[in-house]
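The values are calculated or read from the model by the stated rules, or taken from the named source; none is laboratory data. Just so we're clear, the structure is a prediction, and the values are computed from it rather than from any experiment. Positions of Cβ are backbone-derived with ideal geometry, glycine not excepted, and every protein chain shown enters the neighbour counts. Remember, those area values only see protein heavy atoms, side chains included, never the ligands or the DNA or RNA. Shrake-Rupley method; radii C 1.70, N 1.55, O 1.52, S 1.80 Å.
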Amino acid sequence: MLFCVVALFATTIGEHFTDDFDSPVLHKRWRWHAPAGGEYSLTANKGWLRISLPKRKGGFNHWHGVFDAPMLLTDAPERDFAIETRVKLIQHDGANFHTGLVVAHSTKHLIAFGPYCSPSLWKMKRPEIWLERTGEGRVAVAPMKADEAILRIEVSGYELSAFWRAGEDDGWRKVATMHLWFRPKMIGLIAKTWGDESLLTVDFDRFGLEPIEAPAKTNFMDITVNVDASRRMNEINPMIYGHFIEHLGRCIYGGIWAEMLYNRKFTGASSDGVIEGWKRIGDGASYSPDNTTFYVGGQAQRIEGHDDGEHGIAQGGLEIEPKSYIGRVIVRGDGIRSITVSLRSGERILASQRLTGITNRWRKLQFKLEPKTSASDALFAITFRGKGVLHIGAASLMPADNIYGMRKDVIEAIKAIKPPIVRWPGGNFVSGYHWRDGIGDPDKRPPRWDRAWNAWEWNDFGTDEFIRFCRVVGCEPYICVNAGEGYADEAAEWVEYCNGSPDTRWGSLRARYGNREPYKVRYFGIGNEMYGNWQLGHLDAIKYALKSIEFALFMKRVDKSIRLIEVGVDGAGWGGWNEKVVKIAGAHFDMLSVHYYQGYNANDDVSLIYTIVASAPVRIERMLKETAKIIERNKPAGKRITIAFDEWNVWMPHQTAQVGLEGYYTLRDAIFAAGVFHALHRLGDIVEMANLAQLVNVLGAIRTTQTKVLLTPIYHAFSMYVHNTGNWRLYCEYNSPKLSAPTAADVDAVDISATLSADGRKLFVAAINRHPEMNARLHIAIEGFKPREGVWLELMTSASFNDANKFESPDVVKPRKERLSLSDACKFTLPKHSIAILQFEASS
Ligand code: AHR
């Protein structure tokens, strides 16, 4: 008998609840949750609850994205408790199933414990007793001798222990103890199947719930942290805080670049004679794309006025502020002497300027417009009056405060997180990019169709603009060359354009375009993700390795001081890609590139998604270590090859190409980013650089509208760490409970990294509390460093880990700074789901 509680039918006494399923009616405390069917019966086997799952395509499953397993649920008590049941398998021949007790945070995120069998996944012939959490298979296993077992789960604070016994005379055997991310909200029984042929009938005799007396429960984790400043573990490379910008979506155009007009060079299709992105003004003119008289790219907009009215074209959707805008139009006319450029909002002209001196030759006319009011849906118009023909070859409109064509507000936000290095121009984009399209007079550079992302590439932002960007924000440039559809000589010429002296062929062109001094670009990547079938010109490992040798030889012949980055993969995957490229081409490159994006299933419970994302850095750390081992095993003797972790981020399922890969990152994602930083601190000897993908709008740390800049929690994580990391990682020992998630097992709930500045005067203790419900109390002891009174704390948290900054509420998640006393800092409460950095200063 369970719990020795004498029960008739079902009883609830205090927090005890026992249901021996003797009543033909389900006790009112239960909820039968069976979204896709599956039946229960209290009469099929009297005194037992029977759950039957018929054959069904896919079964009645409970796993990522699919949640239709039947469950009998009731509320979990707030205090510590134990639940028990006796389970008997009635019919399961050939079935994939899991059944038994369930402890659930939600109907989509739970722990199931009981008989399990999977002929299809695990080739099992007999059931065993399995403990699983949603998305995490086989957490613990016990044998099952008969078709019957008694199961027990105890939940004490955030610890769950699972036990079983064969019969009532048998002793309890513990299967496992696991730490919980969330206190359970529901308890009960579950039966699930998967595959098309599974059939399951299972009987439960009694369900019992009782409160348990646990050791004094605390709602926080006590973490002892011992830092030894005399033990410097490894150097921290500042380049781990690098970024990546790609010609994709609104990262560069619509983000960094200040141009406000779409299709300013009049390429592409036309509708009723008006070229894409533009619309007509007035109805007394005819419009056509002109492919014989054009300024750039094989096409211009031709407008022929037939009456005395106003004719022209306009582009809408502009956000205008009361400030100065500058621009230019490149036009020619027959019978037309002047045109007007204007900003309009509905019927109102916000600002206008008449431009004269038009002839039948192309002329570039500059203008300045100064609207006095703002407008959220303004038009930019180019118009003329009367009869005659106007050709418009190109136009441009930018806020006058732009910095060399870049948005001032965006540049300021980027400068504030001091990017040490920025990778450009792709990404997938680069495999179809020919750098020569992007140099010289911007109005003469041809727009091209970018086949990687199916979008126009305007070629307004090319090599010179990128270098200017790097100089303005103060970072190292890192150029990834086209090894997809490109060739070694093209790549070598690019190196010469950047680094050649003005008396070289391509260096002289750079000088002619106003940049005499070589750019001294040190980092070049040989292609991007060349293994994937989404990459233009993708190759297998051997062919890529051979192609990359040619690239390396050509490029280093131009400048032997450059550091080359070879395309790699994460770990041992892609048919042993890393092993092959390192073995074949290892003598020719300096770093191996690795990319990692953490995704998740949008149908999963937000709590489960949190565990996946928050734990991912641990998986990344293990993957990078494994990658380093593969490099070590296969590289030429004596050669040092490090890792360039040059694309990493959370990629949320709704960040699709249709929305330009844009989305609102949350506190959860900042906790992920901070976790990656800690991993990179620990991997200082093997990871030479890392680049968040990406910096603006596209998977962006910074988001923009035409007039606003929004800083995401990931941005703030960068800001915290960039300014508060020392040059040395210190020995740091701490005792954290271990959590597990589908992404990784044995994840520190609290992750700590201690670093020391180069001069030894500042010691930083960075702490992440991944736990979504428990605070942590840190007891910090520091050896080998005498801190003085007064410690700076920077702390980022929010009410929910799913909180995000939005344009209408931009400051929901951001760090706050405060000064603590030394003793408070050394006994510091780190809130649930938070990131904190303490800055200790040495006493003089
Ligand atoms: O960052 C977005 C894309 O992700 C990059 O273009 C590519 O390298 C990766 O697949």
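Structure summary
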read-out	value
Residue 486 being open to solvent by 30 Å² or more (accessible area, probe 1.4 Å) and either free of Cβ contacts under 8 Å to residues at least 60 places away in the same chain or assigned to a strand (DSSP E or B) (or both)	no
Residue list for segment 523-578, filter: within 16 Å of the ligand (Cβ to nearest atom) and β-branched (Val, Ile, Thr)	526, 565, 567, 569
Meets criteria (open to solvent by 50 Å² or more (accessible area, probe 1.4 Å), without any contact (Cβ under 8 Å) to a residue 60 or more places away in the chain and touching a strand residue (DSSP E or B) at 6+ places or on another chain (Cβ under 8 Å)) for residue 761	no
Pair list, Cβ < 7 Å and 6+ apart or interchain, from segment 290-316 residues that are among the aliphatic types (A, V, I, L, M) to residues that are assigned to a strand (DSSP E or B) and open to solvent by 40 Å² or more (accessible area, probe 1.4 Å)	313/279; 313/280; 314/279
Any hit, segment 460-470, residues being touching a Ser or Thr at 6+ places or on another chain (Cβ under 9 Å), in contact (Cβ under 8 Å) with a residue 60 or more places away in the chain and surrounded by fewer than 17 Cβ atoms within 10 Å (Cβ to Cβ)	no
Residue selected from segment 218-254 under the condition among the aromatic types (Phe, Trp, Tyr) and either closer than 21 Å to residue 750 by Cα or more than 13 Å from the ligand (Cβ to nearest atom) (or both), by the criterion least open to solvent (accessible area, probe 1.4 Å)	241
Flag for residue 347 being of a type in the set (Asp, Glu) and open to solvent by less than 60 Å² (accessible area, probe 1.4 Å)	no
Residue list for segment 286-317, restricted to those being open to solvent by less than 10 Å² (accessible area, probe 1.4 Å) and under 14 Å from residue 389 (Cβ atoms)	300, 301, 303, 305, 311, 312, 313
Selected residue (only one of 142, 95, 146, 112 is in contact with an Asp or Glu (Cβ under 8 Å, 6 or more places away or on another chain), aliphatic (A, V, I, L, M) and without any contact (Cβ under 8 Å) to a residue 60 or more places away in the chain)	142
Among residues of segment 673-705, those that are within 16 Å of the ligand (Cβ to nearest atom) and touching a helix residue (DSSP H, G or I) at 6+ places or on another chain (Cβ under 8 Å), counted	9
Residues satisfying the stated conditions in segment 783-803, i.e. of a type in the set (A, V, I, L, M, F, W, C) and either open to solvent by 40 Å² or more (accessible area, probe 1.4 Å) or touching a Gly at 6+ places or on another chain (Cβ under 9 Å) (or both)	785, 792, 799
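Per-residue answers, yes or no, for (1) open to solvent by 10 Å² or more (accessible area, probe 1.4 Å); (2) in contact (Cβ under 8 Å) with a residue 12 or more places away in the chain; (3) within 16 Å of the ligand (Cβ to nearest atom); (4) in a loop (DSSP other than H, G, I, E, B):
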{"position": "414", "(1), (2), (3), (4)": "no, yes, no, no"}
{"position": "423", "(1), (2), (3), (4)": "no, yes, yes, no"}
{"position": "426", "(1), (2), (3), (4)": "no, yes, yes, yes"}
{"position": "430", "(1), (2), (3), (4)": "no, yes, yes, no"}
{"position": "437", "(1), (2), (3), (4)": "yes, yes, no, no"}
{"position": "443", "(1), (2), (3), (4)": "no, yes, no, no"}
{"position": "446", "(1), (2), (3), (4)": "yes, yes, no, yes"}
{"position": "453", "(1), (2), (3), (4)": "yes, yes, yes, yes"}
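For (1) closer than 13 Å to residue 330 by Cβ; (2) surrounded by 21 or more Cβ atoms within 10 Å (Cβ to Cβ), each residue gets a yes or a no:
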position: 361; (1), (2): yes, no
position: 368; (1), (2): no, no
position: 371; (1), (2): no, yes
position: 375; (1), (2): no, no
position: 390; (1), (2): yes, yes
position: 399; (1), (2): no, no
